[in-house]
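Quick note: the coordinates plus some simple rules give every number you see, no bench work behind them. Since the model is a prediction, treat every value here as computed from it, not as a measurement. Using ideal geometry, Cβ is built from the backbone for each residue, glycine included, and neighbour counts are taken over all protein chains shown.
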Amino acid sequence: MERSLIERTAAEIARGVNRGEHSAAEAVDAALARVGDVEERVGAFLTVLSDDARNRACAIDERVRAGERLPLAGVPLAVKDNMCVTGTRTTCGSRILERWTAPYTATAVRRLEDAGAIVIGKTNLDEFAMGSSCENSALGVTRNPYDLSRVPGGSSGGSAAAVAGYEAAIGVGSDTGGSIREPGAFCNVIGFKPTYGRVSRYGLIAFASSLDQIGPLTRTVEDAALVYDAMAGYDPMDSTSIDRPVEPTAKGLLESLSGLKVGIVRQFDTRELGDDVDEVYDRAYHDLEALGAELHDVSLPTADYGLATYYLIAPAECSSNLARFDGVRYGSRVEAADVQAMYENTRAAGFGPEVKRRILIGTYALSSGYYDAYYVRAQKARTLIARDFEAAFAEVDLIACPAASSPAFTFNAKSDPYSMYMMDYYTIPMSLAGLPALSVPCGWVTPPGGALPLPMGLQFAAPLFSEKLLLGAAHAYESATKHALKHKPEVGARG
Ligand code: GLN
């Protein structure tokens, strides 16, 4: 049976447009109609760019008619609202930027546009990407398309929900400590964080600059590879961008895990996560073996310090990065009698509680007298964590572990910050080490009481710059298990 345009993958849409089987305009119209159908329930977008998207689609169709072939021709794209797109509102989910318009386009987004993708809107996120559920957004509520009573994850929850709910074929998010992988797991999509520095951060509004990395959210691994191939590569506009050729990943993705050594981390005991979740990961590890992988026990003795390390380094960098939002240069201003009071009023009104908490922690950790005790020690711990991974990768090709500590939870379930921070227990160590890592659907758990089945994600992590191997392994696992296809979202495939 022919699948509707909204259900097609990016690879299928681009093929259809390049071959003249349907137009980019039709693909974009189908996505926008879907947005019209389900957005009231899902709430993935903060801004929908219908007119711009239609105009761009017509321009792509003209280029294709003139003979050009584009890897993402006519593919509807959802962009997390912490990435600049010329002339569009770019809010970071914050009151302080609620009415700010970006004067230029982020390199990653521009490269996707150059490859033929069409931005259909800007998606919701935890304020300044700080959070794991989108509940910290000051500007909207996003619901999980697989169970509307639950969160989509975060901070890239809007892009994950848009892709899971068939509102866009592909999405991009940013991952600082897990913000692509965790919402990917919660929403039954692939969430892929490349090696730090592989995708330009130019035009990504900074949270923690030594950790922030842009990456794809897609319904298949092949699509994640296509998006990565289009985005990755050196950019002189980002001083931390890596000047080293990119190995293309989308062609020749692995079909088997035969001969691959996969490390299972001794310290990540999934029995602590409850019987149903434990069973999913147990089965996933067995499946890896059945697909030809050799499983090895590996040790990451310092991984347990990941959270503590991250929650010093990330707030320290955020306190410095967010100093620019002062009511003078960007965004909203609350007037006062003198300039000091104006700063204070603006920041008091403009930032939400989690952002303020991080600025306070970060400022404290960087202040003289505490700098050595907290910030410097966290940097040392970061080095030890990276070394643990190096030692593990001397023995194995890849590491497999959970992508998140639980499946998607209900709204307001994590009332204290610590329980929210725990969501990223498994993703933060890879972020601190700069490693490429992704989440791929690996099974479902059904909470008691007639609730809907909830997707779970398996995380693969690989050595620096091993994107090809990482995506290849995930592709082999995905094509053999097909977990993602087992259930449709609650919003239905056709609304
Ligand atoms: N949840 C983590 C945090 O709140 C990670 C966020 C992210 O990766 N942007 O910092």
In whole angstrom, how far apart do the alpha carbon centroids of the stretch 292-339 and the stretch 95-110 sit?
20 Å
Burial order of peptide ranges 186-199, 153-166, 411-424 (average beta-carbon count within 10 Å, highest first):
153-166, 186-199, 411-424
Here Rg/Rh (Cα, Kirkwood) for the stretch 376-480 equals 1.03
Length gained when the stretch Arg387-Glu279 is fully extended (0.36 nm per residue, less Cα-Cα span):
35.8 nm
Among Val48, Met231, Ala378, whose Cα projects farthest towards the positive end of the dipole of the chain, with charges put on the beta-carbon of Lys, Arg (+1) and Asp, Glu (-1)?
Val48
10 Å Cβ shell holding at most 13 others, DSSP loop, GluC sites (Glu not before Pro): longest site-free stretch of the chain
69-254
Subtracting the Cα-Cα distance from 0.36 nm times the residue separation, let me have the gained length for Asp243 to Thr446 in nm, one decimal.
68.5 nm
Mean separation of Cα contacts under 8 Å (at least 6 apart) over the residue count of the chain, i.e. the relative contact order in percent, is 17 percent
How much net charge surrounds Gly178 when only the other residues with a Cβ under 13 Å from the Cβ of Gly178 are counted, with Lys and Arg +1 and Asp and Glu -1?
-3
Summing -39500 (n - 2.57) over the DSSP H runs of n ≥ 4 in the chain and dividing by its residue number, what mean residue ellipticity at 222 nm do you reach, to the nearest 500 deg cm²/dmol?
-11000 deg cm²/dmol
Under the 0.36 nm per residue contour assumption, what length would be gained going from the current alpha-carbon distance of Asn345 and Ala373 to full extension?
6.9 nm
Trypsin sites (Lys or Arg not before Pro) within the stretch 200-274: which are DSSP loop residues with at most 14 other Cβ atoms inside 10 Å?
Lys251, Arg266
Based on the alpha-carbon gyration tensor of the chain and its eigenvalue square roots a ≥ b ≥ c, which shape applies: rounded if a/c is under 1.5, prolate if not and a/b is larger than b/c, or oblate?
rounded
Once you have a ≥ b ≥ c as the square roots of the Cα gyration tensor eigenvalues for the stretch 341-409, tell me rounded if a/c is under 1.5, and otherwise prolate or oblate according to whether a/b is larger than b/c.
oblate
